[in-house]
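Q: Structure in structure tokens, see below.
The values are calculated or read from the model by the stated rules, or taken from the named source; none is laboratory data. Nothing here was measured: the structure is a model prediction, and the numbers come from that model. Every residue, glycine among them, receives a Cβ derived from its backbone with ideal geometry; neighbour counts consider all protein chains shown. What goes into the accessible areas is simple: the full protein's heavy atoms, side chains included, and nothing from ligands, DNA or RNA. Shrake-Rupley method; radii C 1.70, N 1.55, O 1.52, S 1.80 Å.
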Amino acid sequence: MIGYISSYNSFATMEGPGIRFAIFMSGCNLRCAYCHNPETWPQGKPYDSDELYKLIVRYKPYFRNGGGVTFSGGEPLTQPDFLIELASRLKESGIHIAMDTSCGILGDKQKRLYELCDLILADLKFHTPQGYNDYCKGNVFGTVIETFRYLNEKNIPVWLRTVIVPEINDTPEDIDKYYAVIKDFGNIEKYELKPFHTMGFSKYAELNIPNLLEGAEGMDMAKLDALRARLDSLMKREIQV
């Protein structure tokens with residue numbers, strides 16, 4: 001089966017636990033204002049699933065300390081048939097599978113793909129439908145919450161992340177609202193707040209894509225640390241209760 005890939009990294013260390021083979025799928029159902037991989041939006045290079053499987057298993061000796069394969073993007077959920085076929089074979093070969101997703105698509109095929117994964121690296125971009133509409137150009141908030149419920153029901157581990165953007169979602173009240181969204185999901189193993197940065201801005205000019213946040217500055221790390229401390233306090237309070 002043919003799938004479309006923007007790029008891959010055979011020795012990734014930032015795409016989940018351990019050393020990983022990270023596959024950046026092309027195509028995405030959202031257009032996030034702060035996306036740092038807009039080059040994944042168009043259709044990428046075609047790959048045969050058998051070809052890619054054989055390439056990946058060559059690296060299996062390096063998948064130590066929890067390493068394995070990560071499907072990223074773009075949005076991997078836009079190519080479920082290809083990834084179900086590939087993930088099924090990787091699973092049979094005893095390779096750990098993680099998927100990096102915005103959780104904005106959910107149907108029977110996506111559910112099947114989730115069930116083949118050992119870990120979900122999930123984004124909670126905003127805590128309201130309006131946030132997704134304004135800054136991601138997608139009415140997907142309800143689908144994101146439905147996905148979180150499904151993953152919790154199936155007890156699939158989730159590492160959750162939110163990018164904090166100055167003057168958009170950077171207040172203590174925002175953190176309280178994010179926490180309110182996720183506090184009842186026991187499968188979320190950790191929740192990280194990530195800083196908005198401008199390192200991907202040059203790609204927008206190269207690809208002739210409008211940059212909605214042009215001129216914005218990166219997140220102040222001292223302010224982010226304070227927001228992280230607030231989130232940690234909320235998470236620990238829940239554990240103590």
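Q: Over the chain, what is the percentage of antiparallel beta bridges among all DSSP beta bridges, to the nearest 5?
A: Antiparallel bridges make up about 25 percent of those DSSP assigns within the chain.
Q: Expressed as an acute angle from 0 to 90° and rounded to the nearest 10, what is the orientation of the C-alpha long axis of helix 141-153 relative to the principal long axis of the chain?
A: Result, in degrees: 60.
Q: Measure off, as a whole percent, the carbon and sulfur share of the 1.4 Å-probe accessible area of the stretch 2-46, all protein chains present.
A: Carbon-and-sulfur percentage of accessible area, whole number: 56.
Q: Could I ask something else about it? Ordered by residue, what ³J(HN,Hα) values in Hz, to whole numbers, does the stretch 120-128 give under the Karplus form 6.51 cos²θ - 1.76 cosθ + 1.60, where θ = phi - 60° and Gly and Pro are x?
A: Karplus values, whole Hz, x for Gly and Pro: 10, 9, 9, 9, 10, 6, 9, 9, 9.
Q: How about the stretch 127-219: which trypsin sites (Lys or Arg not before Pro) there are in a DSSP loop, with at most 15 other Cβ atoms within 10 Å of their Cβ?
A: Passing both the DSSP loop test and the Cβ count: Lys137, Lys154, Lys183.
Q: Starting from the Cα gyration tensor of the stretch 1-82, take the square roots of the eigenvalues, sort them a ≥ b ≥ c, and report rounded, prolate or oblate (rounded when a/c is under 1.5, otherwise prolate if a/b is larger than b/c, else oblate). Each step should come with its number before you reach the end.
A: On the way: a/c = 2.45, a/b = 1.36, b/c = 1.80.
In terms of gyration-tensor shape, oblate.
Q: Quick check: from the Cα gyration tensor, does the stretch 1-49 come out rounded (a/c under 1.5), prolate or oblate?
A: oblate
Q: Once both axes come from the Cα atoms, what is the angle between helix 80-92 and the longest principal axis of the chain, in degrees from 0 to 90, rounded to 10?
A: 70 degrees
Q: Oh, and also: Please compute the alpha carbon radius of gyration of the stretch 20-133, then divide it by the globular-protein estimate 2.2 N^0.38 Å. Two decimals is fine.
A: Cα Rg divided by the expected 2.2 N^0.38 Å: 1.08.
Q: Does the stretch 101-241 classify as rounded, prolate or oblate by the C-alpha gyration tensor (a ≥ b ≥ c root eigenvalues; a/c under 1.5 gives rounded; else a/b over b/c gives prolate, otherwise oblate)?
A: oblate
Q: Mean-square fluctuation check for the chain, GNM, Cα pairs under 10 Å: which of Asn208, Asn139, Asn169 is largest?
A: Asn208
Q: How long are the semi-axes of the equivalent ellipsoid of the chain, taking √(5λ) for every eigenvalue λ of the Cα gyration tensor, in whole Å from largest down?
A: On the way: eigenvalues 161, 98, 56 Å².
Ellipsoid semi-axes (Å, largest first): 28, 22, 17.
Q: Let me check something: with ligands and nucleic acids excluded, how do Arg58, Arg230 order by accessible area (1.4 Å probe), largest to smallest?
A: Numbers: Arg58 160, Arg230 100 Å².
Reading off the accessible areas and sorting them downward yields Arg58, Arg230.
Q: Still on this structure, I have one more. Could you state the orientation-averaged shadow area of the convex hull built on the Cα atoms of the stretch 122-170, in nm² to one decimal?
A: Value for the stretch 122-170: 3.4 nm².
Q: Compute the helix-to-body angle for 172-182: its Cα long axis versus the longest principal axis of the chain, expressed 0 to 90° and rounded to tens.
A: Tilt of helix 172-182: around 40 degrees.
Q: Sticking with this one: On average, how much accessible surface per residue is there in the stretch 73-150, in Å², for a 1.4 Å probe, leaving out ligands, DNA and RNA? Numbers along the way, then the final one.
A: On the way: 2780 Å² over 78 residues.
Solvent-accessible surface per residue comes out at 36 Å².
Q: Among Gly73, Gly142, Gly16, which one shows the biggest mean-square fluctuation in a GNM of the chain, springs joining Cα atoms closer than 10 Å?
A: Maximum fluctuation in the GNM of the chain, among the listed residues, is at Gly142.
Q: List the longest stretch of the chain that has no exposed loop site; here a site is one of the GluC sites (Glu not before Pro) assigned by DSSP to anything other than H, G, I, E or B, with at most 13 other Cβ within 10 Å.
A: Working: sites that count: Glu167, Glu214, Glu217.
Counting at most 13 other Cβ atoms within 10 Å as exposed, the longest clean stretch of the chain is 1-166.
Q: At 222 nm, what helix-only mean residue ellipticity would the chain give, in deg cm²/dmol to the nearest 500, using -39500 (n - 2.57) for each DSSP H run of four or more? Each step should come with its number before you reach the end.
A: Working: 8 runs with 89 residues, N = 241.
Value at 222 nm, helices only: -11000 deg cm²/dmol.
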